[in-house]
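The values are calculated or read from the model by the stated rules, or taken from the named source; none is laboratory data. Computed from a predicted model, the values in this text were never measured in an experiment. Cβ: placed from backbone, ideal geometry, glycine included. Neighbour counts: every protein chain shown.
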């Protein structure tokens, strides 16, 4: 699967790197990103890799996960949105090349479309699906319910484990971003990891 998805993503304009372990990928990113302003999207993958602490030693990193204060969260989101480099994971990625993210606030999906010199998608093998439909299904019925539960949201999916397309005020599925091709005028790199990472 890794060889095929790498080939397809490269055809769509992305740089693709593949690593056996998350530790290897973290070392690579730490060496690649130096002396930059860096924005993070909400991501269990990035958190589990310890990238905030590592990159903060030699970069200016903005991430709303580091605080519970609403004003500080907004400050972090706004600065992340204009950083040189942006890091995110994905909710689903198709072997055919489509990259899918679902978001509540919209900061993550916005930043993965426009505004940075370079965007990195850091993706564990569990995020991969054979085609667009199955990648979208994964984003809606695996990633989103698990994130809703993690964030203690009062949504039907947090209880049942699958999407209800609900009207809950706690809904985290407010926007959907599908990249069919690398966006213009910015560098994009997909960092694939041969381990399960995040949701």
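Could you say whether any residue in segment 52-64 is in contact with a strand residue (DSSP E or B) (Cβ under 7 Å, 6 or more places away or on another chain) and under 14 Å from residue 191 (Cβ atoms)? Checked against the condition, which is being in contact with a strand residue (DSSP E or B) (Cβ under 7 Å, 6 or more places away or on another chain) and under 14 Å from residue 191 (Cβ atoms), segment 52-64 yields at least one hit.
Is it true that residue 129 is crowded, with 22+ Cβ neighbours inside 10 Å, without any contact (Cβ under 8 Å) to a residue 40 or more places away in the chain and more than 27 Å from residue 38 (Cβ to Cβ)?
On the way: crowded, with 22+ Cβ neighbours inside 10 Å: yes; without any contact (Cβ under 8 Å) to a residue 40 or more places away in the chain: yes; more than 27 Å from residue 38 (Cβ to Cβ): yes.
Judged against the criteria, residue 129 is a match.
Here residue 104 fulfils each of the conditions (1) at pLDDT 95 or above; (2) surrounded by 18 or more Cβ atoms within 10 Å (Cβ to Cβ) apart from (1). Within segment 5-15, one or more residues are in contact (Cβ under 8 Å) with a residue 12 or more places away in the chain, surrounded by fewer than 22 Cβ atoms within 10 Å (Cβ to Cβ) and closer than 18 Å to residue 196 by Cα.
Comparison of 166, 173, 157 shows that the only residue that is surrounded by 21 or more Cβ atoms within 10 Å (Cβ to Cβ) and part of a loop (DSSP other than H, G, I, E, B) is 173. Output yes when any residue across segment 20-27 is under 18 Å from the mean Cα position of the chain (by Cα), within 26 Å of residue 183 (Cα to Cα) and in a loop (DSSP other than H, G, I, E, B), and no when none is. So far as segment 20-27 goes, no, none of its residues is under 18 Å from the mean Cα position of the chain (by Cα), within 26 Å of residue 183 (Cα to Cα) and in a loop (DSSP other than H, G, I, E, B). Can you say whether residue 55 is crowded, with 22+ Cβ neighbours inside 10 Å, part of a helix (DSSP H, G or I) and touching a residue at least 40 places away in the same chain (Cβ under 8 Å), as far as the supplied structure shows? No; evaluated as a whole, the condition is false for this residue. Residue count for segment 29-50 satisfying the condition of being in contact with a strand residue (DSSP E or B) (Cβ under 7 Å, 6 or more places away or on another chain), closer than 25 Å to residue 149 by Cα and not in a loop (DSSP other than H, G, I, E, B): 4.
A single member of 32, 74, 60 is surrounded by fewer than 17 Cβ atoms within 10 Å (Cβ to Cβ), closer than 16 Å to residue 119 by Cβ, modelled with pLDDT of 95 or more and more than 17 Å from the chain's Cα centre (by Cα), and it is 32.
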